[in-house]
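As structure tokens, the structure follows; a few thoughts come after it.
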Amino acid sequence: MTQSSKGTFVTLMLTVVLGGLFLFFLNVVSFGAFSYVLASVFGIAFVGFAHYALWGYSLSKDLSQERAEFLRQQQRELDVQAPLDPYGIQSRRNFPQPPDDRIQG
């Protein structure tokens, strides 16, 4: 083992051992209630993952295809509505006119 992999192994082992001791301490102090909280958190996470795996991924793929088609349709409508002058010249009537600040009198 190289020095870097030994350091990584020691770090991971200390994290697992100290984390396990901390969780055991919390479970003892709370008379077992902490294990129910932890089981609930894992249960909710599992249900969320199962929901995504069963429906979420396929729905997001369908939605991305619909969105891409919608954007293509919007772009086609914009291309039809506003054809550009080949020389880049635009009519001045499409731009707002500045206010007339001349003094009348």
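The values are calculated or read from the model by the stated rules, or taken from the named source; none is laboratory data. This one's a predicted model, so the numbers in the text were calculated from it and none came from an experiment.
Of all the criteria given as (1) in a helix (DSSP H, G or I); (2) modelled with pLDDT of 85 or more; (3) of a type outside the set (Gly, Ala, Ser), the one not satisfied by Phe31 is (1).
One line per residue, one yes/no per condition, for (1) modelled with pLDDT under 90; (2) among the acidic types (Asp, Glu):
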| site | (1), (2) |
| --- | --- |
| Leu12 | no, no |
| Val17 | no, no |
| Phe22 | no, no |
| Gly43 | no, no |
| Val47 | no, no |
| Leu63 | yes, no |
| Asp85 | yes, yes |
| Arg92 | yes, no |
| Arg102 | yes, no |
